[in-house]
Structures are given as structure tokens and as C-alpha cells.
Amino acid sequence: MHLSSLLVALGVCGALGAPLEQQQPLAGSERHHAGPRKVVDPYNPGTSDPFDKKIDSQGDELQPLPYRNGDGASVLGPRNRGRERQNPDLVRPPSTDHGAIPNMRWSFADSHIRIEEGGWTRETTVRELGTSKELAGVNMRLEEGVIRELHWHKEAEWAYVLEGKVRITALDTEGGSFVDDLEKGDLWYFPSGHPHSLQGLSPNGTEFLLVFDDGNFSEDSTFLLTDWMRLTPKSVLSENFRVAPEVFKAIPEKEKYIFQGSSPDSIEKEIPSGSKGYKKSKLQFTHKMLAQEPVNTTGGQVRITDSTNFPISKTVAAAHLNIQPGAIREMHWHPNADEWSFFIKGRARVTIFAAKGTARTFDFQAGDVGIVPRNMGHFIENLSDEEDVEVLEIFRADKFQDFSLFQWLGETPARLVKEHLFANSPKEAEAFEKAIRDAERDPIKDTELGDEENKIEL
């Protein structure tokens, strides 16, 4: 079955003027942590790592250096040590990385912040991340009572509430009104051209991730109420709204965009109450994603929201993943859309297989955006032994789709698989065949689980 149906510290290590080798943890030394795990510093010429094991350079307080299995050298020139610790697999890539793949990672921490009254906003679009072609993201914060003014977009808008509470309003094409209060883990979706507004609620306002179904999106291209009103002749406004033109001398002289408003009352007291009564929209613009029953796996939980359970969301599908320590989002690919990932918590590495003999590994942490173009194979591995990775996988598609490498091989005749991978290695072929025999889907795998009988000594 398919899955869809189931700051970083910038301090300098070591004393100023000390030799570079002395500025790293002791070569070959082992660190003992609170848990049972031993950490061997891999960043020295004498360390051998033939299997390219994961390295949590931040959690283990290691300073990456470009040494790998006896090759490489120290760094003599200028360095950004904090960035190196955030991206250990760029400093010391796995030996399996090969060829040229464009950058697939961006951090919202590197995006320009537009600061407004009681809030701010920042973007990750194709301008910041050239591979973000299908989707664009906006991270926005609104204090209590602060309003993102009435507006609409050319693009459809999908959103995930990261923290706090927010009130949304919207109008459908039949004149139906929609008002709802949302909290952490909830979604909204506004189709292209549908007017709406957002407001932070008590006690601390809100912060959310907006996703638009075009990588070229810009918040500066939004259709704003105040902008249109001030750019329309007052005589026309008078004719349209049937009030004296002098009334419109009071409208703002510039766009409001984000501004401090009054605290809203209950929805029941705020909905329009004209002579014909309140016309409620027949459309459901919101959805409680984290309230969904999750798919429980051996290494975490998965929740999928697309047009099958959130019908209005015709152009954006998403999965919410919790990847536990010691677990991995299995090797897979998506046939119908690029993956646009947003990391909410934890630290992870992702290797992207791009065909043509190319592969590249990227590291991610909270606030980062990752791109995986459609059909490119990849995984998400939790680097930490203590903290979950929480990540959104988002797609410009009406339905979530993926293929599991494990399931594909398990559902393929064993003879074919063995002759592809282990033609001259019968012992290894037997162990692999046994591992994939049942082909039971496990999208987030606990990597410490496994059949002891399948482990072989080489």
C-alpha cells in the first residue's frame, strides 16, 4: 500500500593562536555522554569510517574538518565555524557523494525580514533558493491583535500554524463568509483570488508558515485593500459604495499591510449581521492536521493532509513527520511533484540521488527549507540521539504520492533483485532477500530494529 492510504553558537574552539589541530577535540578521543553511546571524533586523519555513518557535530560539540578515511587536510584560511557545525556533510561529505547537484537548502535565518507594526515577515522563494521552483514559503509573526490586512493573491495560499492562535476570515465566489480560530498544528487554504485576512489572538499572537503554489511568489505583489482604495479616484469610490466622496478623505495614504488592531470578540459576535442574515460559506477553508489520527511506524508518526481529507486544498498536499532518535524516513521518491520541506525541530541529513551518477548530502535544522526535485531518490535521517525531527513535506499537488524503495524491491521477484545487487555474493543475497521478503511498508524506520539472523559478518 502507498503511504497516502495509510544560534547556532558561533564561538571559537580552542585558544587563539593554538595550532589548528589543537583547536579540534582530541584526535581519536572518545566522548562519554549521559547515554550509553560513545562518540568518536571523525574529523582527523586517523579515523576510518568506511560506512559513512551519521555525525551530529552540533549535538556532540564537534568541529568539522575535511578529513575522510586518511584523505583531506586541515583548513588554514578564514572560517565560519558555526556554519561548519550546521553543515558537517558539506565540510566532510560522505564518500558516496558524487557529481554536481545545485543547492537544495536554505535557512529562513538568511532571509531578509520585513519589520512592521507588531509583526514581521520573511520569504524563501526562487530568488533565495533557486531550486524552489514549484512552491514559495513565507514565515510570518503577528502579535496579539495585529492584523495582516484584507488582501488576496494570484497564487493559492496554504498555511500551517507554528505557534499561538490566529483568526482567519475569507469569502467564497458565491458570497459566503468564513471565520475561524486556529491554533498550533492547524491548516488553512485559500484558492487563488479568494480574499482573506489574518489576526493574532490572545495571549501571544501567532506565528505561521505560508506556502504558495508558485516559486516566484512575492509578498510585495499582494493585492491589498488599502492599496486599491487609495489608488482609486474618490468619485469612483463614492459611486461604488454610494456614500459621499468626502468620506474617503479619511482612508490611509499608504498600504497598512501588517498593523496593530483591536482585540477581536467571539466569532459569534463578530460575524456580519445584515438584514438578510449571515451567509456562511459552504467551503471549509481550515483543517486540523495534528488532530488527525497518525500512521504509527517503528520510528515515528506520519500525518498526511491532501485533497482526500481537506477537499479545498487542490494545489497543495503535505505530510507531517515525527522522526524519532535513531530513526530514518525511508529511501523513497515522489513521482508527482517536487518536495518542499520545512524543518520545525531537530537536526537531520538528507542525501539526494539525482541519477546520472550524482548524489549530494545536505544537513538541516529548525527553520531550514529543503528541496528534492520530483523523482529524485532521498531519505531523511535523524542526526540526534535525543531529539525528534519534526518536518513538513509539502508538494504542489492535489494528492500525496511516494514510492518506497523497500516496498518496490520486496514486491519484485527476488531472483531479479539478487542478480542486480548480489550476483556473486550468495551469503549477502540471502540476508537481503530475507530482509525485504514481507515488504511491509514502514515509512519511518527505527534503524536499531532488525532481524539478527540477517546480520552477517563480512
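Here LEU290 sits with roughly 60 square angstrom of accessible surface, probe radius 1.4 Å.
The alpha-carbon of LYS269 sits under 14 angstrom from the alpha-carbons of these aspartates and glutamates, leaving out residues fewer than 8 places away in its chain: ASP180, ASP181. Over all directions, the projected convex hull of the C-alpha atoms in the range 107-186 averages 6.5 nm² in area.
Tally Lys/Arg at +1 and Asp/Glu at -1 over every other residue whose Cβ is under 13 Å from the Cβ of ARG114; what's the total? Charge balance in the 13 Å sphere: -3. Measuring between alpha carbons in the structure, the pairs from LYS154/LYS279; LYS356/LYS434; LYS133/LYS345; LYS133/LYS279 lying more than 28 angstrom apart are LYS356/LYS434; LYS133/LYS279.
Given Cα positions, please report Rg to Rh for the chain, the hydrodynamic radius being the Kirkwood one.
When Rh is taken as the Kirkwood radius, the ratio is 1.04.
Think of a 1.4 Å ball rolled over the protein heavy atoms: the range 110-287 then has 50 Å² of accessible area per residue. Which percent of the accessible heavy-atom area of the chain goes to carbon and sulfur, probe 1.4 angstrom? About 53 percent, which is the carbon plus sulfur part of the accessible surface.
Centre-to-centre separation between the Cα atoms of the range 143-181 and those of the range 55-98: 43 Å. In the range 243-362, Cα pairs under 8 Å separated by at least six residues give a relative contact order of 12 percent.
In loop segments of the range 309-389 as defined by DSSP, the trypsin sites (Lys or Arg not before Pro) with at most 13 further C-beta atoms inside 10 Å of their C-beta are LYS356. Divided by 2.2 N^0.38 Å, where N counts the residues, the Cα radius of gyration of the range 290-445 comes to 1.10.
Can you give the net charge of the other residues whose Cβ lies under 12 Å from the Cβ of LYS256, counting K and R as +1 and D and E as -1?
-3
In percent, rounded to a whole number, the relative contact order of the range 290-445 is 30, using alpha-carbon pairs under 8 Å and six or more apart.
Using the Stokes-Einstein relation with a Kirkwood hydrodynamic radius computed over Cα pairs, the translational diffusion coefficient of the range 302-352 at 25 °C and a viscosity of 0.890 mPa s comes to 189 µm²/s.
Take 71-79, 378-386 and order them by the average number of nearby Cβ atoms within 10 Å per residue, most first; the result is 378-386, 71-79.
A probe of 1.4 angstrom, applied to the heavy atoms of all protein chains, finds LYS54 with accessible area near 60 square angstrom. Translational diffusion coefficient of the range 110-287 at 37 °C, 0.692 mPa s, Stokes-Einstein with Kirkwood Rh over Cα pairs, in µm²/s as a whole number. Value of D from the Cα-based Kirkwood radius: 190 µm²/s.
The values are calculated or read from the model by the stated rules, or taken from the named source; none is laboratory data. Since the model is a prediction, treat every value here as computed from it, not as a measurement. Note that we place each Cβ from the backbone using ideal geometry, even for glycine, and neighbour counts take in every protein chain shown. Just the protein is used for accessible areas: all its heavy atoms, side chains included, with ligands, DNA and RNA removed. Shrake-Rupley method; radii C 1.70, N 1.55, O 1.52, S 1.80 Å.
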